[in-house]
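In what follows, a structure is listed as structure tokens, so that the remarks can point back to it.
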Amino acid sequence: MRRMIGTMAAATASFTLAAGSMCALPTSARAQDRAVVQVGQVSREYAEPPTPQPREVPQVAADDNRSVLRLQLGPVAATTGRGLGPGLGVAADFGGGTMGFRLAAAWTRGEPSTSDPSPIGGSLAQYTGELTLDFAKRGPLHPVLGIGFGYARVDTGRAEGGLGVGTARAALEYAVLFDDADVRFSAGVLGALPGPADSAVADVKGWALVGGMLGVGF
């Protein structure tokens with residue numbers, strides 16, 4: 001009897017151990033499966049590297065296309081208040097910013113006069129250089145002031161001589177908005193005040209040049 005009881009106890013213990021082992025296996029598998037899922041979830045939390053964006057090239061407005069050299073040509077007229085002596089003017093403007101420099105020349109006929117003879121009644125040739133100030137770097141309209149000096153050759157109709165001059169100029173320029181060109185129309189007036197002069201033209205007190213020009217930049 002005792003032997004039977006011992007045998008049954010041993011069988012019961014073996015069954016219990018086997019059942020415990022079988023129960024432990026799914027738990028271990030589930031633990032392993034959970035670990036794999038967690039690893040997968042952690043890996044999905046990393047952000048993807050940013051896609052490089054193409055750099056934007058700044059666009060240059062048409063009115064910002066300012067060339068550093070502009071050649072100008074157009075009709076001008078000289079006057080002392082008695083009439084107009086028509087002629088031709090040329091100029092070269094240097095600089096693409098607010099400050100610039102201008103070389104100019106003008107050749108005109110004599111100013112017509114009747115009872116009161118003109119001091120530039122024969123002809124006038126003027127050559128000047130000036131510093132310029134552009135009050136509007138951008139936009140189509142450009143108010144410009146210039147101050148300079150130069151040399152003039154005057155024919156009074158009775159005598160001819162040379163003299164130095166100081167000049168002041170005011171002009172308004174209109175820039176045509178082309179994408180690849182700096183084209184301008186300008187209108188202005190220049191006043192010339194004589195300095196040291198030959199005796200033949202010592203009575204010349206000054207004159208003004210008025211006119212318009214077409215300029216093209218390079």
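One residue stands out among those in segment 69-113 that are of a type in the set (S, T, N, Q) and either over 19 Å from Ala192 (Cα atoms) or part of a strand (DSSP E or B) (or both): the one that is farthest from the chain's Cα centre (by Cα), which is Ser113.
Quick one: which residue in Phe185, Phe149 is part of a strand (DSSP E or B), under 17 Å from Leu73 (Cβ atoms) and either in contact with a strand residue (DSSP E or B) (Cβ under 8 Å, 6 or more places away or on another chain) or acidic (Asp, Glu) (or both)? If you could, list the steps in order and put the result at the bottom.
Numbers: Phe149 fails: under 17 Å from Leu73 (Cβ atoms).
Exactly one residue qualifies, and that residue is Phe185.
Picking from residues in segment 182-194 that are under 18 Å from Ala106 (Cα atoms) and of a type outside the set (A, V, I, L, M, F, W, C), the one that is surrounded by the fewest Cβ atoms within 10 Å (Cβ to Cβ) is Gly191. Considering only residues in segment 144-165 that are surrounded by fewer than 16 Cβ atoms within 10 Å (Cβ to Cβ) and modelled with pLDDT of 95 or more, the one that is farthest from Thr132 (Cα to Cα) turns out to be Gly162.
Considering each residue of segment 77-99 in turn, none proves to be out of contact with any Gly (no Cβ under 8 Å at 6 or more places or on another chain), farther than 18 Å from Val210 by Cα and aromatic (Phe, Trp, Tyr). For the residues Ala125, Ala181, Ala106, the requirement of being farther than 20 Å from Val210 by Cβ and hydrophobic (A, V, I, L, M, F, W, C) singles out Ala181. Here Ala181, Ala168 are screened, and the one residue that is under 29 Å from the mean Cα position of the chain (by Cα) and at pLDDT below 90 is Ala181. A search for C-beta distances below 8 Å between a residue of segment 65-86 that is in contact (Cβ under 8 Å) with a residue 24 or more places away in the chain and over 15 Å from Thr108 (Cβ atoms) and any residue that is in a loop (DSSP other than H, G, I, E, B) and among the aliphatic types (A, V, I, L, M), counting only pairs 6+ apart in sequence or on different chains, returns Asn65/Ala181.
Those residues that are within 21 Å of Val176 (Cα to Cα) and polar (S, T, N, Q), I need them from segment 63-95; list them, please. Listed by number, the residues that qualify are Asn65, Ser67, Gln72. Within the set Ser123, Ser67, Ser118, the sole residue that is of a type in the set (S, T, N, Q), modelled with pLDDT under 90, farther than 22 Å from Arg184 by Cα and touching an Asp or Glu at 6+ places or on another chain (Cβ under 8 Å) turns out to be Ser118.
The values are calculated or read from the model by the stated rules, or taken from the named source; none is laboratory data. Quantities reported herein were computed from a predicted structural model and do not represent experimental measurements. Here the Cβ is made from the backbone with ideal geometry for all residues, glycine too, and neighbour counts use every protein chain on show.
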